[in-house]
Structures are given as structure tokens and as C-alpha cells.
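Below is a structure I'd like to ask you about.
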There are 2 protein chains.
Amino acid sequence: MSIENDRITPLHGAGGEMMGKLLAEHVLPRLQHAAPGRIDLNAMDDGATIDLPATGELVMTTDSHVVKPIFFPGGDIGTLAAAGTLNDLAVMGARPIAVSLAVIIEEDFPIADIDRIVASFAETLESADAAVICGDTKVMGRGEIDGIAINTTALGIADPAIGDADAQPGDVVLVTGTIGDHGMALLAAREEFHLETELVSDVASVWPMIAEILPLGGIHAMKDPTRGGLAAALNEMARKSGKCFEIDEQSIPLRSEVQGLSDLLGISPLTVANEGKAVVVVSPEVADRVLTTIQAHPLGKDAAIIGTVSETYPERVVLGTEVGGRRFLDMPLGDPVPRIC
Amino acid sequence: MSIENDRITPLHGAGGEMMGKLLAEHVLPRLQHAAPGRIDLNAMDDGATIDLPATGELVMTTDSHVVKPIFFPGGDIGTLAAAGTLNDLAVMGARPIAVSLAVIIEEDFPIADIDRIVASFAETLESADAAVICGDTKVMGRGEIDGIAINTTALGIADPAIGDADAQPGDVVLVTGTIGDHGMALLAAREEFHLETELVSDVASVWPMIAEILPLGGIHAMKDPTRGGLAAALNEMARKSGKCFEIDEQSIPLRSEVQGLSDLLGISPLTVANEGKAVVVVSPEVADRVLTTIQAHPLGKDAAIIGTVSETYPERVVLGTEVGGRRFLDMPLGDPVPRIC
């Protein structure tokens, strides 16, 4: 097989015959989910159409993905590009309608890797019943981009959308599973660490799980704890609501491998990204039903109540520790792991 | 001023306090156009909401921008990121409602350049009355991305959307101005060419101009001739409609500088990108009114009728030359200029 046939060239991103062939042979066949409008992805038009939903609010979200390494334990940049964006919709209570897929690829990138990435992307979208309707392909020269970057923007419908600012005093705070898996799995997978571990990323679309708790009502706020981890998500919710999040450190579900790596590397698992989790703030009346519903879902078996909302220290997160102490859990300056998502 | 204050660091893309500060000080203040929904950009939530329009079809489009150089005669990557995406909506007959802005920035990138780019982006959006409602910021290390890449995804409303596949025999083909300006201006601006020219990119949002011709009716297809230029746009329209596009080469508006550079470099101006033009296919009854309406707009003063649609050679573009000859204008393999947009 010649170089021209198995590697990306500048012409693959140049809007002509070669780009059309790449898309027709390696991308479009995998993205044939039923489209929500008259002009779809196969039309290869300047954009695509979406029939107006009858009721609700549209929700739009965007994420670029630059994760390193591109293939990691538990997933790859394709899984992540789909789940990362769909999860932003999910935590706003929005069912995905339409997704865009825009890739920037380095010259000489293996087309076989494109196949793998598109397959992962498509599989993750299928799990959320979401259709890609438009896309874009750009190629940069060698050394101008490190492999591949993917932007996914998604449109969903919610009735109504749930923000991250409306926590109420007395509310219960849940997480849908173990914390820090993605960040720690990525760290362990990086060449410089040479760490052998069973740890895999939690990357997954949480929409099917969230869809089951929405009908229960009483959900006041949700957030997916990605960059900056649980610490950033809780601090944002505390600041925006003006309330205090009182968290019991011992209740936060942690895998022993994550705890071990965390101790080894000196990085708190509370500040690294999760890619298949949600923080859910619910009124106390429905908390138990929400928890058991989440726990009944395959993605939510490790879900736990981790705290409550109060007015004790407005805009702050307070962590109750094992030995009975209390300390503030601050907003991190940023996720300690670069290119985590 | 310290390095930390005037250059991008990894923490600026790490989802915590530093990223929040960058956005609050350098991005959000410039993007304060009235939002179309309840949860807007200022909420800094996981996404934003859009109130359901009463009628029409939603149109969604996405484009990543990797133009080189970032600042070029006539615009910069911010102008381009806004215009490029809005123009895809415009040629589908869609008024922009909401836009996302996702940036990938190289470590050490000057924050002053971010300010310039965001200002250009905001100015171009204002010209189309479009609001940014959500965004994303990622930072890659030095040498992992060449400066900055911007994805813009936009949602618009059309009633109904106009595709690029419905040219009819007898239709008239117009272009809204001179061809090849963007591609040739970019080429001339690249360091390796050392060319002195007055040529500037045509980058602009064509929506205000297109909005004026939509009420005239009779528009069967539109396309913005970006990568691959007029040649790619015409070939796509011919293939999709199954019709023949018969183009009079002499009628194609060309600046003398573009013609000159084209001769010098041996690159056809018909195959390089335009970023402020549209190809419009209209029924013959309205062609003159559409033309004069476009010509009355500042962006359309050089608009011209360049040909007609027939059934002579299905799916092909035929170019009638100055000396009376005729030849096929083929689909280019790709735009000859890398990183043109």
C-alpha cells in the first residue's frame, strides 16, 4: 500500500476530490444514525437542517478534545469527543438531537487510526441515540498539530434545561460513581511514568443514566466533573448558588488504584478529570430514589451521596475528613494533568 | 509585566481559576451580544439555552480554522472563524441565532493576540447580529499546535433552508464579487513568497447581503466558494443537481492583482478560497433583480452573472473561454494553498 493510501496528506483537508474520498470511505459509512432533519450529513451541504422540536428549550454546548495519548486505557479521543460533549448536554437535562464533528489532523497521521477513532465516536453516540449531522476536516503540516484534535458541538432539547447554579439549602449532593478514574488512568498511560496499572478511564456517555432520573423531579443542579475534577465542579456550583457544599470526604467513591496512584504522584484525585460521571444536586425528598435509580444503571453502581447543601460558608466547599476535621476544598488553579481531555 | 500575565500557560486551559480569569478578563467582556435563551454565555454553565423559534428549520454548521498566518491582510483568524461559519449558514438561507467559540491555544501564545482575535471575531459576529452562547478553551504545549486553532459552530433558522443540490435547467449562476482574493492574499502574505501587493482578503460575513435577496424568491441553490474555490463549488453543485453548469470565463470578476499573482505563481484563481463570496443559482425571472440587489450592497458591488444551468453535460462544469473555446473545469483535487482557512 502506498503512502498516499494509508496516511493523511494536505489534500485530505483541502476541500476537493481527495477530502471527499476520505470522508466517503472512512467517515460517512460509520455515521449513519437517523438524522433529525431534511438535509443531513450525507448531503455534504454547507450545513444540515434540524426539524423544530415541538416543545422545550434547545441546549447547545461545545468541546474541543486534545487528549494525550490519543488511545488510552478505556477509550480514545473518539470516545472522549462524543462522551465529553454529550455529557455537557446530559447535565443540563438535555436529550441530544444533533452533533457536529470537526477534526484537525496532522499530515502523515495513519488513516487506520482515523478509522478506529471514528468507530469509537460513532459507538459512543449510538449509546446516546445521537446523530452527527455536519462536520469539517482540516489538515495541518507535520509539527503544526500533535496528531489530531476533535471539536464536537452538540444540540439537545430539555424541558426545561437544568443549570448548575440552583442548589438549595438542604439539598443532597450525589456523585454517580468513582472519582478521578479518567485523570489517573491518563497519567498512568503516559510514557514518562512507566506505571503498570489496571486502571481504565471512565469515559462514557452518561445520558442514558441521566434520562432515567429526570422524570423523578427534584433535580436542582447537575455538573460533569471534568477538568479540575470534583473540586472544580463543587466550587463552581457553590459559587454560583451562593451556598455552601458540605462534603464528607469518606463518602466520595474512590478506586483503590486511584487512591494509590494519587498517593504515589502527590496529585489529589479530587482535582483530576472524570469523563463518565455527574454531580447531582437533588431535593432531600427524592434523594434516595435518585440514588437507587442511578445505582441500578450499569454506569452508576458506585454512586453515592457525598454531602449536603447549606448556608454555613456561602460560596465555599467544606470537606469533612475521616478524623473529624473540616477544611475548605478550594477551587483548583487548574487540572494538574495537561491535555487530559 | 511578568510572563505569567501576558502569555498563555497550560493552566489557562485547565478548567480552574486561571482559565476563569482569562475568560472573564479577555473574552467575555467582548462577547456581550444579547443571547437567544435563558442560560447564556455569562452563566458559564456546561452549555447554554436557546428559546425555540416559532417556525422554520434549524440549520447547524461547523468549521475549524487553522489559517496561516494568523494575522493577514484584510483580517485575522478571528474574522475568519466568524465569517467562515456564518457564511455556511447564509448560503443555506439561515439567519444566525447562536454561535459557539472553541479555541485551542499554544502555550506561550501572547494574550494580546487573543485580545485582537476575540475583538475581530466579535466585530464580525456583530455585523451578522449573532451571539456567542458557549465556548471551550484548551491549551496545548509548545510545538503541539502552531499558535491557535478556532472552531466555530453555528445554529441558524431558515424558512425553508436552501440546499446546494437543486439547480434547475435555465437557472442563472451569479457570483457576489471578485474571485480568489482570499487565497491569493494569503499566499502573498506568506513569508516564503516576499511578495509586495495591495491585495487583501475578502473575508466578511455575507449574511446581511444574502438576507436582502431571500425575500425576492427564486433562489434554488447557494454555496460559498471556500477551499477549492469557485471550481469546487460549481462542481459540487453540478454533481449534486445532475445538471451542467455552463460558465463564461470572461464574466468571472477577477481583480488584476489576483490575475497577476495567479500568472506569476501558476495557480488558478478559480481553485483558491474565497471567504466573503457566494455563488447563487436563481431562476431566470428573478436573476436581474437578485443581481441589482446584490450590487447595491457594499459587499456585492462587483457581483456578476457568470453562466447558466443546462443539461448539456450532466454533473460537469463547462468553461467557455475568451477565444470561443470550451473546456471542462474539473473538481480540483484540493485547494492548492494549505491552511487557507
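For region A:10-158, what mean projected area does the convex hull of the alpha carbons give, in nm²?
The Cα convex hull of region A:10-158, projected and averaged over all directions, gives 8.5 nm².
Further, regarding this structure: Pairing the Cα long axis of helix B:284-295 with the longest principal axis of chain B, what angle in degrees results, from 0 to 90 and rounded to the nearest 10?
Its long axis makes an angle of about 40 degrees.
Between residue B:55 and residue B:328, what is 0.36 nm times their sequence separation minus the Cα-Cα distance? Round to one decimal in nm.
Between residue B:55 and residue B:328, full extension yields an extra 94.1 nm.
What distance in nm lies between label points placed 7 Å from Cα along the C-beta direction at residue A:123 and residue A:166?
It works out to 3.7 nm between the two label points.
Follow-up. What distance in nm separates the two pseudo spin-label positions at residue B:321 and residue B:195, each 7 Å out from Cα along the beta-carbon direction?
Those two pseudo-labels are separated by 2.2 nm.
If I fit a long axis through the Cα atoms of helix A:77-90 and take the longest principal axis of the Cα atoms of chain A, what angle between them do I get, 0 to 90°, rounded to 10?
Helix A:77-90 and the main axis of chain A meet at about 50 degrees.
Here's something else I'd like to know. Counting only heavy atoms of protein chains, what accessible area per residue, in Å², does chain B have with a probe of 1.4 Å?
Each residue of chain B exposes 35 Å² on average to a 1.4 Å probe.
Run the numbers on region B:297-341: which residues show a drop of 40 Å² or more in accessible area, chain on its own versus all protein chains together, using a 1.4 Å probe over heavy atoms?
Buried by the other chains: B:333, B:339.
Averaging over every viewing direction, what projected area does the convex hull of the Cα atoms of region B:201-276 cover, in nm²?
Approximately 6.1 nm², given one-decimal rounding.
FRET efficiency for residue A:216 and residue A:264, Cβ-Cβ distance as r, R0 = 45 Å, nearest 0.05?
0.70
Mean separation of Cα pairs under 8 Å and 6+ residues apart, divided by the residue count of chain B: what relative contact order is that in percent?
Result for chain B is 22 percent.
Another one. First measure r as the distance between the Cβ atoms of residue B:288 and residue B:71, then evaluate 1/(1 + (r/R0)^6) with R0 = 41 Å and state the FRET efficiency to the nearest 0.05.
0.55
Based on Cα positions only, what radius of gyration and what Dmax would you give for chain A, in angstroms?
Here Rg and the maximum Cα pair distance are 20.7, 67 Å.
Please report, largest first and rounded to whole Å, the three semi-axes of the ellipsoid equivalent to region A:22-83, where each semi-axis is the square root of five times an eigenvalue of the C-alpha gyration tensor.
Sorted largest first and rounded, they come to 26, 19, 10 Å.
While we're on this one: Determine the total buried accessible area between chain B and chain A, counting protein heavy atoms only with a 1.4 Å probe; round to the nearest 100 Å².
For B against A, buried area totals roughly 6000 Å².
What are the extents of the Cα atoms of the protein assembly as shown along their three principal axes, listed from largest to smallest and rounded to whole Å?
92, 51, 50
Which value in nm describes the separation of the simple spin-label points at residue A:301 and residue B:5, placed 7 Å from the Cα toward the beta carbon?
It is 5.4 nm.
Continuing with this model, one more query. Would you mind checking the pairs A:223/B:21; A:138/B:138; B:223/B:243; A:138/B:243 and listing those with alpha carbons more than 26 angstrom apart?
Exceeds cut-off: A:138/B:243.
Right, next: Could you state the per residue volume, in Å³, of the convex hull enclosing the Cα atoms of region B:172-328?
108 Å³
The values are calculated or read from the model by the stated rules, or taken from the named source; none is laboratory data. Bear in mind the structure is a predicted one, so any value in this text is a computation, not a measurement. Heads up, the Cβs are rebuilt from the backbone with ideal geometry, glycines too, and the neighbour counts pull from every protein chain shown. Each accessible area value is taken on the protein alone, full model and side chains, heavy atoms only, with ligands, DNA and RNA left out. Shrake-Rupley method; radii C 1.70, N 1.55, O 1.52, S 1.80 Å.
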